[in-house]
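Below is one structure, written out as structure tokens; comments come after it.
The values are calculated or read from the model by the stated rules, or taken from the named source; none is laboratory data. Just so it is clear, the structure is predicted and the values come from calculations on it, not from any experiment. Ideal geometry is used to build each Cβ from the backbone, glycine not excepted, and the neighbour counts take in all protein chains shown.
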Amino acid sequence: MNTGKLAFPMPLPAGVGTPSAPGGLEGQTSQEKPVRISVRRSRVDGCSTKDPAMFKTEELQINIGPQHPSTHGVFRMLVTVDGETIIDLKPVFGYLHRNHEQIAEQNTYLQNMPYTDRLDYFNSMANNQAYAMAVEKLAGIEVPERAEYIRVLMVELTRILNHAGALGFLINDMGMWQTQLAFGMREREKILDLFEMASGARMMCNYFRFGGVVRDLPPEFMPKLKELLVAMPAFVDELERLLRENEILMQRAEGIGILPKELALAYSVTGPVLRGSGVPYDIRKAEPYSVYDRFDFDVPVGSVGDVYDRFLVRIEEMRQSKRIIEQIVEQLPDARGGHINPRARQNVRPPVGDAYARIESPKGELGFYLVSDGSPRPYRYKVRAPSFINLTPLGDMCRGYKVADVVVILGSIDIVMGEVDR
Amino acid sequence: MYDIVNGLINTTFGWNWPGWVIALISHLLVTTLLFAIAPFQMLFLTYYERRAIARMQDRIGPNRVGPAGLLQPIADGVKMFTKEDIVPAAADRWVHFLAPCVVVAPTMLMFAVLPWGPGMVPVDLNVGLLFFFAISSISAVGLLMAGLASSNKFALLGAMRAVAQMVSYEIPAVLSLLAVVMLTGTLSIVQLIEAQAGLFISSADVPGVPDLGLGWFIFTPVGLLAFIVFFIAALAEGERTPFDIPEADSEIVAGYMTEYSGMKFGLFYLAQYVLNFLLCAIAAVIFFGGWQGPGVGWLYDRAISPANPDGNWVFNLLAGFLGVFYLLAKTYAFFFVMVWLRGAFPRLRVDQLMDFGWKFLIPLTLVNIVSAAIWVALLRWGPEQGITFTQNWTPILRWGVAFAVTLAVNIVAYIALARIFAASQAEQGRIDLDEYRDTLTATLR
Amino acid sequence: MTVKIERGQIVTVERGKRTARRLPGMGLLDGMAVVWKHWAGSFRKNQGFNDIHGVFTYEYPEERPKLPEAYRNMPILLYDDETSHELCTSCFQCERICPPQVIHMTQAKDPATGKPVPAVAEFVIEYDACMSCGFCAEVCPFDAIKMDHEFELSTADHQKLTVFKEQLNRPISYYERIAPTMWAEVRDGAMKKLQGNIKRRPDVIGMAPNLAEKIAARRRELEAAAAAATAPAAPAAAPAEGRKLTPEEKAAKLAAIKAANAAKKAGDTVEPPVAPAGAAPADEKAARLAAIRAKNAARKGEAPDAPPVVAGEPAGEAPPADEKAARLAAIRAKNAARKAAEGSDGAPVEANVAATEPAAAPPAAGAATSAAEAATAPADEKAARLAAIRAKNAARKAAGGGSDAAAPTTTGNVDSGGPGASDDAALS
Amino acid sequence: MPRLSPEELRERMARDLPGAVLEATPLRVAPPPAHGPQPAPFVTSDTVVAAGQIVEAALYLRDTLGYAFLSDIAVVDYLADGIFELVYRFYTIEGGDGLVLKVRVPRETPEVPSLTPYWPGANLHEREAFDLFGIVFTDHPYLRRIYMWDEFEGWPMRKDFPKQGDKYIGAEE
């Protein structure tokens, strides 16, 4: 292997720590036994079409999507198969394209806030936070402490609900008839109830404002949240018991859709996909924003980078989110001072300049790049959408696997088409 | 049925009609009944499945149409009938049309040999079991027709998967039944049931066991393993999770049914659910005694039957009701297990399915046949077959020894085969991870 | 394996089986056990947030979800139960902020004068394109637009989703029921603003159009008031005694304000007659209001860091932030000046006439018009005519209300209290 | 690895990659208004790199400085100045702030060497930039429209793209 050429100068820095010692991908260290997984992947180049002595087989092109039950929206994969083995896969986008960025450049800064909800409609709170942070950076707006805590609380709840849903969809794609999805949806509904209490809407929350949030948490919020914190570990434990050691799931997930660490970095994937590949990169730790530097939480990483690792990383992230929420409940400043509803900031006119703010959204790095020309409308508004970029390695991840694995790999990336197509 | 009709016409009314008329009447009656029952079974099963799986998912399930949603399947049927029947332009019209019929017909025929209660079997074929499985394979032809005629790639893939799966899983299913057939020495389903009288020990094996109708094969190690294998194979044949690969909705949309709509689609569904029902029923019949249960034998002894023409028809009715109740209860219990598995498991991939069938189930059934041979040798054979050391054993001791030996053989075989299978799965198709990573990252500059 | 980092650690997730399992297939049995537990537990309801078993379905049409107060679905317009006046003043804030631009409105105009009044004539929301963001309710300074809890909007008729004011109107009591604490927070301010706005709404403008009987009642009251005014000055004392909310008094108050305004402008240049002692309390209030308004106008006219901006001053000299305000002030000042110019001739006459006999109003107005024509340049003709009409109206109303002493009183008050007056004088 | 500020980066790149770093000239963000005060020009603090040397500069960031994670490629259309600015954003997996490389290309000939051969993750970013702005990335393996359909004409995110009415919807309006 051409290590000299490929290797990034520092495989993984010692400071943050790499999960794997020089042994490499399997997480082999002196103490640990190597992870044995089987990569059930056919060699594409060895398929019989190339061999004249063998039977002549025909390659088949299949369009998986845009109207397919498990493409998570209107998404098309142009798949070339030999029998059931994937030879090539090209994602085709654009069925949900609405030129979100152009729309946003016609709107004022505040008017864009509800539009960001529609990007990744599973995690509207996270989108709101990233956008609000970008505008605050651009206009130099301070956020009161309580508002920051509320924001982090909301985004961590969002992370739990996203992972609960994403795992449910992943398992659904594997063919378990909605059971885990129903369980995940049940928990998600509870969190949505909380969102509804605070923001007034379940999914399109539109809760954040520049320099705060719309309104303070209602008094009935905290008791409910504490109740939820009781249910959440039970839910996660049950999920693990139901699926973690399930032989069928392990058959379907282990060694499927491997994305090695180096490749994951080169492909710019972020979020659980990157961490599942073993790169401990979490923006909450790497570049703490908001008040994330005040909480203790772990960064789970995988060791192989297959579907199973992503599955496990998501489970662990739900636990860590719950941990953060518990700390927020403890630390939340209850002083009502520092108006967290900045009604005066309805017309933001940031000075000329640019700003980029990014957060660790449940799906990965969500960034907003804004250029201001001093008018109330952004001159340039660019979304760095995690689900979109995480789709880049899909072709490489699927090549050599079976048709049935494509949907599982896609499910493990966890995309939302609203964000992919924008 | 013949007995009842005969008794009714010739004995009660004293008309003395010839035997063939009575046979004709009874057969017509039976056919009519079955064709009425089968679709209703399917309708009820869809409702049953939906309600049960909804409960497993903390939902309620259909509860709007009729009391507790009982009329929901009727509403679905109405919807199916009133939907537009779309035939794709590129499809082969006739094959496309015929395929559902070819799929449904064999499932209906399979009812012919299914005994519902004591003396309640449409046709008591002496090769009933063979007939049952021979006929069931025909529907694979229909599936392939459907897939090919639709000229849809998903349909084609689904049909290929379906045929491969059905053909592969016939073998473990039949092999597992072979062990049971060896125990009884008959292929007649009625005789298979009758051999399961007794109380946890078949009275055929150990004479003198009280007959409570509980001498089921499931209580023998051979029968248990055969049942497990058979049930797994039945899941695959009935295209149930975790083997619902031919119609894996998340992968290939609806498989061979993709291009069907309206009642043709409904017919596929009908065939599938009826087949599931039949597989559950046959599992109940062969391993759980079918209509056997406490009281049925006692009642049937007093009823009109070829052996006892002077019986009372009331006992016919009672025995029939009780027998049918037992059979349906067992069948629905199995169907519940199917639903339960659907609620609990993801589905396998097609190659894993094949591996599982060929590399695990078939060896396991082969071992089971060996156990069955041991069982037969220990219980039935005597000096004339060359087995002399069991000569002086009491029947219960013979039974005990046979039970212990076969149990040990089967457990060891199961664990060993599972280990071997797991290891082979891990090794087979394994590419060294580093090498694999290299191939992936080689393109990087 | 784990690596320590700041405030946490990096954990490599543990793959596969945690324990050496006894038999292959135990993981499957575990999963089945979980599902069984759910099946067995599903014969009761889910107990709440901390319960993960039990049916959690809402059987929707029978079982309604309990919506939190903050819940927002579609915007509605509020009107006051008592007066049936709408809170909306058509300030266009919501129309401006609406991200999908689905709010449209027109401002109500006084049919007599054509001058916009703080009420909305028509208000349309396209529910089909509304994104329920709640910005409109958030920005509304009068708390007139709020988010409804009604979510059953599905219809087969697409046109129905373009919703007009009649369908948008909801009484405050309705909103108070669905969101008691949120309304309690804003109630006082909103009601105060509403009272202020009602005073500036002539006739039945601004009343919820779907309350036909209320409007009819109000019309009758207005007519009765007008009829009463034709009678001799006998009822003149009535407003002083009748304390609250008699329609006559309201009308009188309105008239007083109008007269006061007119007179104020007149009084800027012309020394007003001496205020008679013992003015009716109702008039006093109006006068005070006028004074406040004048003061406000003056304040607006002032640039924060500069002395009062004179109309003639070029706008460019002011700092950019205040440019707009300055220009606005200039325009306002100019208008006031113009009015003052014509008022100098017309208003005293009018006031006098109003005081003595209503029948004389038309000639007075005519005099005013001619005076204005004579006094101002042709460019101001229109404005002058407008002012004349307004003066006429004011006169008529003053006569109708029977508040003969109103005009002089107010002018006196304004003169002493309003720096705006001096402003106007300077401009003219 | 040291974390760098933009100034340090400019310094080091000027030393190690002569000619790559360009002077960051102020940009007029919007066309100047007819009246009223002129908006302030936009002076970026980030490193502006010559378009031809973006690959070298990016590889320098990756291989020498350790900024291996290409997070984002954004394009800004400065219509008044007639240029497109591409904003490349790099991070280290150590954490901390990222580094920004900006590339300015004329609007008439927007051609930039592609980073996709080195960062396959740049693939979709660049296709998006091509689709919405018409930036041509030379050496890109699969430079096709990504959101818009292949027959679409025009570059919808450019500032001079007609905002209302096009040949698909009401051309006459």
B:Asp58 being in contact with a helix residue (DSSP H, G or I) (Cβ under 7 Å, 6 or more places away or on another chain) and surrounded by fewer than 19 Cβ atoms within 10 Å (Cβ to Cβ): no
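Matching residues to (1) hydrophobic (A, V, I, L, M, F, W, C); (2) within 30 Å of A:Arg209 (Cβ to Cβ); (3) at pLDDT below 80:
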position	(1), (2), (3)
A:Val35	yes, no, yes
A:Gly46	no, no, yes
A:Met54	yes, no, yes
A:Thr57	no, no, yes
A:Val74	yes, no, no
A:Met113	yes, yes, no
A:Tyr121	no, yes, no
Across (1) touching a strand residue (DSSP E or B) at 6+ places or on another chain (Cβ under 8 Å); (2) under 30 Å from C:Arg64 (Cα atoms), C:His85 clears everything bar (2)
Taking only pairs six or more apart or across chains, which ones have beta-carbon atoms under 8 Å, a first residue in the stretch B:79-103 that is among the aromatic types (Phe, Trp, Tyr), and a second residue that is outside any helix (DSSP H, G or I) and at pLDDT below 85? B:Phe97/B:Val87
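So which of A:Val299, A:Val269, A:Val273 ends up being more than 22 Å from A:Gly395 (Cα to Cα), surrounded by 24 or more Cβ atoms within 10 Å (Cβ to Cβ), modelled with pLDDT of 85 or more and within 14 Å of chain D (Cβ to nearest Cβ)?
Working: A:Val269 fails: more than 22 Å from A:Gly395 (Cα to Cα); A:Val273 fails: more than 22 Å from A:Gly395 (Cα to Cα).
When all the criteria are applied, what remains is A:Val299.
So that you can scan it fast, the table gives a plain yes or no per residue for (1) within 16 Å of C:Arg187 (Cα to Cα); (2) without any contact (Cβ under 8 Å) to a residue 12 or more places away in the chain; (3) of a type in the set (Asp, Glu):
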| residue | (1), (2), (3) |
| --- | --- |
| C:Thr83 | yes, no, no |
| C:Glu86 | yes, no, yes |
| C:Val120 | no, no, no |
| C:Cys140 | yes, no, no |
| C:Asp143 | yes, no, yes |
| C:Glu152 | no, yes, yes |
Within the stretch A:281-296, restricting to residues that are facing chain D (nearest Cβ under 8 Å) and more than 16 Å from A:Ala357 (Cβ to Cβ), the one that is nearest to the chain's Cα centre (by Cα) is A:Tyr281
Under 8 Å between Cβ atoms, which residue pairs at least 6 apart in sequence (or on different chains) link something in the stretch B:62-77 that is closer than 10 Å to B:Arg51 by Cα and within 14 Å of another protein chain (Cβ to nearest Cβ) with a partner that is in a loop (DSSP other than H, G, I, E, B) and of a type in the set (S, T, N, Q)? B:Gly69/B:Asn63
Subset of the stretch A:271-288 [β-branched (Val, Ile, Thr) and not in a loop (DSSP other than H, G, I, E, B)]: A:Val273, A:Ile283
Quick check on this structure: which one of B:Phe13, B:Phe44, B:Phe97 is modelled with pLDDT of 85 or more and farther than 27 Å from B:Ile282 by Cβ? B:Phe97
Within the stretch A:374-387, how many residues are surrounded by 23 or more Cβ atoms within 10 Å (Cβ to Cβ) and free of Cβ contacts under 8 Å to residues at least 60 places away in the same chain? 1
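Residue by residue, here is whether (1) more than 8 Å from every other protein chain (Cβ to nearest Cβ); (2) touching a Pro at 6+ places or on another chain (Cβ under 9 Å); (3) closer than 30 Å to D:Leu27 by Cβ holds:
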position: A:Pro350; (1), (2), (3): yes, yes, yes
position: A:Leu391; (1), (2), (3): no, yes, no
position: A:Ala404; (1), (2), (3): no, no, no
position: A:Ile409; (1), (2), (3): yes, no, no
position: A:Asp414; (1), (2), (3): yes, yes, no
position: A:Gly418; (1), (2), (3): yes, no, no
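Answer yes or no as to whether A:Ile359 is more than 11 Å from chain D (Cβ to nearest Cβ) and over 29 Å from D:Leu101 (Cα atoms).
Working: more than 11 Å from chain D (Cβ to nearest Cβ): yes; over 29 Å from D:Leu101 (Cα atoms): no.
For A:Ile359, the condition - more than 11 Å from chain D (Cβ to nearest Cβ) and over 29 Å from D:Leu101 (Cα atoms) - is not met.
Answer yes if at least one residue in the stretch B:115-133 is touching a residue at least 12 places away in the same chain (Cβ under 8 Å) and in contact with a strand residue (DSSP E or B) (Cβ under 6 Å, 6 or more places away or on another chain), and no otherwise.
Taking the stretch B:115-133 and keeping what is touching a residue at least 12 places away in the same chain (Cβ under 8 Å), we get B:115-122, B:124-133.
Next cut, in contact with a strand residue (DSSP E or B) (Cβ under 6 Å, 6 or more places away or on another chain) only: B:119.
Yes.
B:Leu440 - would you say it is in a helix (DSSP H, G or I), of a type in the set (A, V, I, L, M), under 30 Å from A:Leu249 (Cβ atoms) and modelled with pLDDT under 85?
Details: in a helix (DSSP H, G or I): yes; of a type in the set (A, V, I, L, M): yes; under 30 Å from A:Leu249 (Cβ atoms): yes; modelled with pLDDT under 85: yes.
Taking the combined requirement at face value, the residue satisfies it.
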Limited to the stretch B:278-334, what total is found for residues that are over 15 Å from B:Ile193 (Cα atoms) and among the polar types (S, T, N, Q)? 4
Pick out the one residue from A:Arg151, A:Arg146 that is buried (at least 24 other Cβ atoms within 10 Å of the Cβ), among the basic types (Lys, Arg) and more than 14 Å from every other protein chain (Cβ to nearest Cβ). A:Arg151
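Please find, among A:Glu247, A:Glu262, A:Glu254, the residue that is of a type outside the set (Gly, Ala, Ser), within 14 Å of chain D (Cβ to nearest Cβ) and over 19 Å from the mean Cα position of the chain (by Cα). Walk me through how you get there before you give the answer.
Numbers: A:Glu247 fails: within 14 Å of chain D (Cβ to nearest Cβ); A:Glu254 fails: within 14 Å of chain D (Cβ to nearest Cβ).
On inspection, the qualifying residue turns out to be A:Glu262.
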Does the stretch C:129-139 contain at least one residue that is small (Gly, Ala, Ser), more than 14 Å from chain A (Cβ to nearest Cβ) and surrounded by 21 or more Cβ atoms within 10 Å (Cβ to Cβ)? no
Residue identified as buried (at least 24 other Cβ atoms within 10 Å of the Cβ), touching a helix residue (DSSP H, G or I) at 6+ places or on another chain (Cβ under 8 Å), closer than 18 Å to C:Gln47 by Cα and within 7 Å of chain C (Cβ to nearest Cβ) among A:Lys224, A:Lys190: A:Lys190
Unique match (being surrounded by 22 or more Cβ atoms within 10 Å (Cβ to Cβ), modelled with pLDDT of 85 or more and away from chain A (no Cβ under 14 Å)) among B:Tyr256, B:Tyr332, B:Tyr260, B:Tyr300: B:Tyr260
